[in-house]
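The values are calculated or read from the model by the stated rules, or taken from the named source; none is laboratory data. Just so we're clear, the structure is a prediction, and the values are computed from it rather than from any experiment. Cβ sites come from the backbone with ideal geometry, for glycine too, and all protein chains shown count toward neighbours.
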Amino acid sequence: MKPEPNNHLQALSQAIVQGLVDEAGPLAEKAVAAGMKPLQVIEQACVPAIEEVGRLWEAGDYFLPELIAGAEAMKAAMTVLQEALKSSGQSLKSAGRVVIGTVEGDIHDIGKNLVASMLRASGFEVIDLGADVKVERFVETAEREKADIIALSALLTTTMLNQKRVVELLVSRGLKDKFKVMVGGAPVTEKFAREIGADGYGESAVQAVSVARSLLAGRGGNHD
Amino acid sequence: MNKIKLKFLSGGKIIKAEASPGQTLSWVLFRAGLPIKLYCQGRGICGRCLVEIKSGPLPEETEAERKLKLERRLPPTFRLACQLRLYQPLIVRIPDELLLLPEIKNLAGKFPGSGRPALRDFNPLVKKYVLRLAREDLSREERLASVIKSTLGLKQLAFGPTAGHKQKNVGPSWRQSTAVIYDDRLLLALEAGRTDDRILGLALDLGTTTVSARLLDLVKGKTLASASAANLQAAFGADLISRIAFAVEKPGNLKKLRRAALKSIAQLTEVLAREAGVKTKWIYAVCLAGNAVMNHIFLNQPVDSLGRAPFRPAFLSHEPVPGLEVGLSLNPRAMVFTSPNLGGFVGGDISSGLLYTGLPSKAGNYLYVDLGTNGEIALKKGKKILVASTAAGPAFEGSGISCGQPALPGAIEYVKWSGDRFKYRTIGRKKPSGLCGSGLLSVLAESLRAGWLLPSGRITAGRSEIPVAPGLTLSQLDIRKLQLALAALKSGMRLLLSTAGLDWTELDGLYLAGVFGSSVDPGQCIAVGLLPPLPRRKIIFAGNASLAGAEMLLLSGQARKSAARLPLKVQHVSLAELENFQGEFLKALSLGRRYWRKNDV
Ligand code: B12
Ligand code: FES
């Protein structure tokens, strides 16, 4: 078959949907080598593909392994495409800057890692502080990195209270308006999020992306 | 302030109570001696504390209640006891299944494998000796000690903490006295006359939801009665973490938890004593096997360190304590021996379970898996024992599963796909009301075989649920929750094996402990991938191993020695700190035998 541009896009898109981590990068390279613009590849193959992964997750077709594989395939493709953009003097506009971590006292990080992957796959810049992260560190890093969003994960009913402490620290330092706070994790609810004064709550890694987007929808932006 | 008058309808009775305006119904119920189970610690998210308002003005709905009713379409008289605040007189019906009152079950012959433990020696924790004493022997403690020591040939003898052995009015009955001696080293009491035909011990398994106990005649080494009851602590939260959260919230809360546990134990002991026709004051020794958190609470130790990373217990082994000091109302001089914690969330229930199986001194490689909420796993290889807890969660207790329920009459416990439908068996052959853990596992196994389910956990043929029985279906979300619980256990086992440098094919045996662990079908466990495909004879049911272990500690000196050494032999592995946990966990989410295939990469 003749290498049609559309075939490249389709193959890449499928590789991401199916989570073929090893194939996504080379397929992105092929598309660029065939003369397609990196931005076009991103917009026409990658973004719809990761959205399809999210849709399949929400529909219950996909579970964690498929979601992770999709996000990783996306990452592999994006690494190639961003490189290509850079060499043509362009750069991708970041969807926003997120500082993420699992709160102090909690070592559960699988959910947090998933949220980070999905955010990255959706064009966010993510600074991942890992698990068991002190309240102070979230705030300091967000300030230093000029983040837009602080994303907090907690899996224990004991440690979810530390999400509240982060919000409190922001308030006491007069920084509450500077960052949007987004919370999640199995025991966390929308109601709890509202009670502690968080700006957003996401039930899943897929929702985390749409919540992050809507939080930043009307913003001026903390960085350029 | 004006008190509000309330009436509660419960168990065919009417109970009157009063409340101050604004108090929650669940708190008032607790104060009125009708504690109810608060599965989400009264946070208004589990929706399980439903009571019915029979008469009175309906209080305004809270947001949690509104949301729940939209989801479930409940009539407006059904309300959440943890959310409802009282301002007006009401008559409220409290469903029986919500109550935490002791629902005592006789356990005789209940669990396979938990009959008589094989003892290596018969040396009860407390013993009685009949002594001939002269009047002056009783006048001074030192003199009494030296007389008893020389008569019984003991190397040392201390006086129990609640001394008072010095008798003021020594009548003729004291010439022949009976000494109660703990562990051949501590004089607990001196009883007038000959009483050596009656001395009792209590074996206790203090679990998060259930307390099980066995009353033993320490003269003959015979079991007199066994029973279990709900742990009344459930009024403060359903799971361990909620209990910890409650304990650290306010000073005084730890004490509340301790009192609730003591009350459960006291009620249980009363029932056992009545059943056996004995007096609780004859109980001089208790062996307690509690999980890490329960052990802490019972011994009045702070639980803070168990509530946050790195999840360290405040102690492993603990000195025996006087029953009076911890608030047990048995014989006032009774002593309590606790089975040691082993690290992290691996507690005394696991150490006693291990002792019961004899695993610490067996030659060969063995896995021990407690299929409970905490999912504790022990691996013995050579002289080493590795332990870990995997936090599987309560899915296999039916919690959080749409058609799930505890293993009670009416629960489907086993299914078989017949080609066009599931044939099922329920506990007590009752009409099916839900699925308990073994039933859920069974549905997964048969659905995989019948092609209802893909190994990824996806329901096939574009469906979104599996119809199990009339009105009972397993949804896609249910299956996802079960996958998480299974994956926690599977990855835990595999990571312990790889930490020890062992392959599952090198195992000489695998012990399954716990109530759920005793009700599963080994073939179906293997089919869903929960267990490695070992030959059937290598899978050994240990039943309520914790309780059987506690019994063994009461009766055998060897077992107590082993218990003392166990924490030194054991290495606790914190799974969270292993780099490859996530990868292993994700792989373990797949259903079926594939996970245990050799050379799986
Ligand atoms: C895996 C697991 C572990 C692993 C964690 C490994 C790791 N690196 O993360 C291990 C075994 C180490 C572990 C340990 C413990 N665990 Co654990 N664990 C689990 C388990 C089985 C699954 C959690 C998980 O990863 N789920 C999958 C992820 C993808 O889901 P998720 O985290 O909810 O994330 C999703 C959403 O919530 C959301 N999200 C998450 N974060 C965020 C953040 C933002 C900003 C947003 C928008 C969204 C979002 O997106 C994610 C993807 O869609 C659960 C029980 C269960 N069946 O769920 C218990 C569970 C969470 N653990 C529990 C407990 C108690 C513990 C322990 C403290 C005690 C114990 N029993 O051993 C220990 C810690 C001790 C220690 N140091 O070993 C309890 C918590 C109970 C409670 N009331 O709080 C649970 C519920 C099990 C139970 N009932 O006993 N655990
Ligand atoms: S809603 Fe969970 S205890 Fe009331």
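Of all residues in the range A:46-56, none satisfies being closer than 30 Å to A:Pro187 by Cβ and either of a type in the set (S, T, N, Q) or in contact with a Pro (Cβ under 8 Å, 6 or more places away or on another chain) (or both). Only residues in the range A:182-199 that are within 17 Å of A:Leu215 (Cβ to Cβ) count as the first member; pair them with residues that are more than 12 Å from ligand 1 (Cβ to nearest atom), Cβ under 7 angstrom, at least 6 apart or cross-chain, and list the lot. Sorted first by the residue in the range A:182-199, then by its partner, the pairs are A:Ile196/A:Lys164; A:Ile196/A:Val167; A:Gly197/A:Val167; A:Ala198/A:Val167.
Among strands (runs of 3 or more DSSP E) entirely within the range B:36-141, having at least 2 residues that are within 13 Å of ligand 2 (Cβ to nearest atom) and either modelled with pLDDT under 80 or hydrophobic (A, V, I, L, M, F, W, C) (or both) singles out B:50-55, B:78-80. Filtering the range A:167-205 to residues that are hydrophobic (A, V, I, L, M, F, W, C) and either within 14 Å of chain B (Cβ to nearest Cβ) or not in a helix (DSSP H, G or I) (or both) leaves A:Leu175, A:Phe179, A:Val181, A:Met182, A:Val183, A:Ala186, A:Val188, A:Phe192, A:Ala193, A:Ile196, A:Ala198, A:Ala205.
Filtering A:Val181, A:Val206 for residues that are surrounded by 15 or more Cβ atoms within 10 Å (Cβ to Cβ), modelled with pLDDT of 95 or more and within 19 Å of A:Arg97 (Cα to Cα) leaves a single hit, A:Val181. When restricted to residues that are within 14 Å of chain A (Cβ to nearest Cβ) and either more than 12 Å from B:Ala238 (Cα to Cα) or more than 16 Å from ligand 1 (Cβ to nearest atom) (or both), the range B:24-55 contains 3. Inspect all residues belonging to the range B:312-331 and state whether any of them is within 14 Å of chain A (Cβ to nearest Cβ) and under 27 Å from B:Leu354 (Cβ atoms). Within the range B:312-331, one or more residues are within 14 Å of chain A (Cβ to nearest Cβ) and under 27 Å from B:Leu354 (Cβ atoms).
Taking the criterion of being touching a residue at least 60 places away in the same chain (Cβ under 8 Å) and facing chain B (nearest Cβ under 8 Å), the only residue of the range A:107-116 that qualifies is A:His108. Does B:Ile377 count as part of a loop (DSSP other than H, G, I, E, B), away from chain A (no Cβ under 14 Å) and among the aliphatic types (A, V, I, L, M)? Taking the combined requirement at face value, the residue does not satisfy it.
Tell me which residues, restricted to the range A:133-159, are within 14 Å of chain B (Cβ to nearest Cβ), away from ligand 2 (no atom under 16 Å from the Cβ) and crowded, with 20+ Cβ neighbours inside 10 Å. Selection gives A:Val133, A:Ser153, A:Ala154, A:Leu155, A:Leu156, A:Thr158, A:Thr159.
Within the range A:18-38, is even one residue in contact (Cβ under 8 Å) with a residue 60 or more places away in the chain, β-branched (Val, Ile, Thr) and crowded, with 19+ Cβ neighbours inside 10 Å? The answer is no, given that none of the residues of the range A:18-38 is in contact (Cβ under 8 Å) with a residue 60 or more places away in the chain, β-branched (Val, Ile, Thr) and crowded, with 19+ Cβ neighbours inside 10 Å.
Do any helices (runs of 4 or more DSSP H) lying entirely in the range B:485-592 carry at least 2 residues that are in contact with a helix residue (DSSP H, G or I) (Cβ under 7 Å, 6 or more places away or on another chain) and within 12 Å of ligand 1 (Cβ to nearest atom), and which ones are they? Ranges flagged: B:581-588.
Of all residues in the range B:428-469, those being surrounded by fewer than 21 Cβ atoms within 10 Å (Cβ to Cβ) and among the aliphatic types (A, V, I, L, M) number 4. Taking the criterion of being within 11 Å of another protein chain (Cβ to nearest Cβ) and assigned to a loop (DSSP other than H, G, I, E, B), the residues of the range B:461-476 that qualify are B:Gly462, B:Arg463, B:Ser464. Within the range B:262-280, the set of residues being touching a helix residue (DSSP H, G or I) at 6+ places or on another chain (Cβ under 9 Å) and surrounded by fewer than 21 Cβ atoms within 10 Å (Cβ to Cβ) comprises B:Leu262, B:Lys263, B:Ala266, B:Gln267, B:Glu270, B:Val278, B:Lys279, B:Thr280.
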